Amino acid sequence: MENKEFDLGQYLSDGVEKIVKGAVKATLTDPRESAFMARFALSSREASRKRAQAAVGGENIPPFLIASITSNCNLHCAGCYSRHNHACTDDAPVDQLTGEDWENVFTEARELGISFILLAGGEPLLRHDVIEAAGNYPEILFPVFTNGTLLGDKYINLFDKKRNLLPVLSIEGRQEKTDERRGGGVYKSVREAMERIQTNHLIFGASVTVTTANLQEVTGKAFLDELKDSGCKAVIYVEFVPVTEESQDLAPGDEEREYLKERLNEIREEYADMVFISFPGDEKTSGGCLAAGRGFFHINSHGGAEPCPFSPYSDINVKNTSLRQALRSPLFTALQMQNVLMEEHSGGCVLFERKDAVEALLAGSVQEEQCVGV
């Protein structure tokens, strides 16, 4: 059978355009939001042109960057991969990127043609300085992934003035499922945050960690109707990645993934004025894992450039180098050249599942740097 070559660049460019077009459609009833999204659509096309131009020169610039702007968080969610990897703590931040450091990252990202920077943590609302700075880059859309418990008037006012900042509230279903994972009273706080956003005529998204325990609920009509009625315009489904043996049974398997894929087709038709994204989704349809700069990459709170948040390994730091150089890091290059991102796996996050291979490549890249430095 003939092997068709997969055009990743075209796939990603189309994906960005679809998200933007979907967001414009989803905000037609709000003139201010629609005006911003229309302007952003122009910026997105220009960014796509920059990435295409770089590709002609043999350089791949991904459209997405995930930025964990703090390691602090005010919650202790069950099964949190960030706490398990010690990327999230209760201690005072040490040696984290400053607000100026993050502004440098955002400036270079804009120059490279990166259209989306997902602000994460920890809890990103603990870094008001960084989020305020992000608002000054209207060419970039910044989804802010927050647990919603700190979303008070100060942030409502900021999100109102800076429409490129899009709050994405984490919720695991209704009250029982949300509080079970995130702590008592969290569901109530999130719902109050949604009401506050809606009262101020802002748009927001929801981030849902999909497990075997909540799959039916979070894809069900009752839950989605509640989100829609609250003004939610985008839902991001993120597959649960188990960090302990005890939580393995919560990770979606092939049957659950197939159900989610089919159900999403129905949901997108039924809720045409909303945007639905699944991560990592069916990686085979996108030519393999998109981490390590193929489609996105991750900068941790200390500046380390990592393949993705689920694969917290780094051999280069943006404190000492540029984003462009980080994308050419020995680790990223090895992951792409040795086809680790394309390997068959049981589903979900291939890099998390193949962490031994990633660690071996990291050791090799560090050893290579030491040899060069001798």
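Tallying residues that are free of Cβ contacts under 8 Å to residues at least 24 places away in the same chain and hydroxyl-bearing (Ser, Thr, Tyr) within region 239-275 yields 0. Taking residues in region 34-56 that are of a type in the set (A, V, I, L, M, F, W, C), and partners anywhere that are buried (at least 16 other Cβ atoms within 10 Å of the Cβ) and in a helix (DSSP H, G or I), the pairs with Cβ atoms closer than 6 Å and at least 6 places apart or on different chains are Met37/Ala23; Met37/Val24; Ala41/Val20; Ala55/Gly9.
So that you can scan it fast, the table gives a plain yes or no per residue for (1) modelled with pLDDT of 95 or more; (2) charged (D, E, K, R); (3) closer than 27 Å to Phe159 by Cβ; (4) more than 18 Å from the chain's Cα centre (by Cα):
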| position | (1), (2), (3), (4) |
| --- | --- |
| Glu59 | no, yes, no, yes |
| Asn74 | no, no, yes, yes |
| Ala78 | no, no, no, yes |
| His86 | no, no, no, yes |
| Asp91 | no, yes, no, yes |
| Thr98 | yes, no, yes, yes |
| Asn104 | yes, no, yes, yes |
| Pro124 | yes, no, yes, no |
| Val130 | yes, no, yes, no |
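Filtered by the rule that a residue be in a helix (DSSP H, G or I) and either open to solvent by 10 Å² or more (accessible area, probe 1.4 Å) or of a type outside the set (A, V, I, L, M, F, W, C) (or both), region 134-155 gives Asp153, Lys154, Tyr155.
Summed over region 255-276, the residues that are closer than 13 Å to Val210 by Cα and modelled with pLDDT under 85 give a count of 0. When only residues in region 280-313 that are farther than 12 Å from Leu335 by Cα, part of a loop (DSSP other than H, G, I, E, B) and at pLDDT 85 or above count, which is most open to solvent (accessible area, probe 1.4 Å)? Out of the qualifying residues, it is His302. Quick one: is Ile203 in contact with a strand residue (DSSP E or B) (Cβ under 7 Å, 6 or more places away or on another chain), surrounded by fewer than 23 Cβ atoms within 10 Å (Cβ to Cβ) and not hydroxyl-bearing (Ser, Thr, Tyr)? So Ile203 fits the description; yes. Return the residue satisfying two criteria in turn: it lies in region 68-102 and is part of a helix (DSSP H, G or I) and closer than 16 Å to Ala305 by Cα, and of such residues it is most open to solvent (accessible area, probe 1.4 Å). Only one residue tops the list, namely Asp101.
Scanning region 181-222 for residues that are more than 22 Å from the chain's Cα centre (by Cα), under 25 Å from Asp254 (Cβ atoms) and not small (Gly, Ala, Ser) gives Gln216, Glu217, Lys221. Restricting attention to region 229-257, the residues that are among the charged types (D, E, K, R) and within 24 Å of Glu270 (Cα to Cα) add up to 6. List pairs: first residue in region 85-101 and under 11 Å from Asp129 (Cβ atoms), second residue at pLDDT 80 or above and not in a loop (DSSP other than H, G, I, E, B) anywhere in the structure, Cβ distance under 6 angstrom, at least six positions apart or on different chains. Cβ pairs passing all conditions: Gly99/Asp129; Gly99/Val130; Gly99/Ala133.
The values are calculated or read from the model by the stated rules, or taken from the named source; none is laboratory data. Just so we're clear, the structure is a prediction, and the values are computed from it rather than from any experiment. Neighbour counts run over all protein chains shown; Cβ positions are idealised from the backbone, glycine included. We work out accessible area using only protein heavy atoms, side chains counted, and drop any ligands, DNA or RNA first. Shrake-Rupley method; radii C 1.70, N 1.55, O 1.52, S 1.80 Å.
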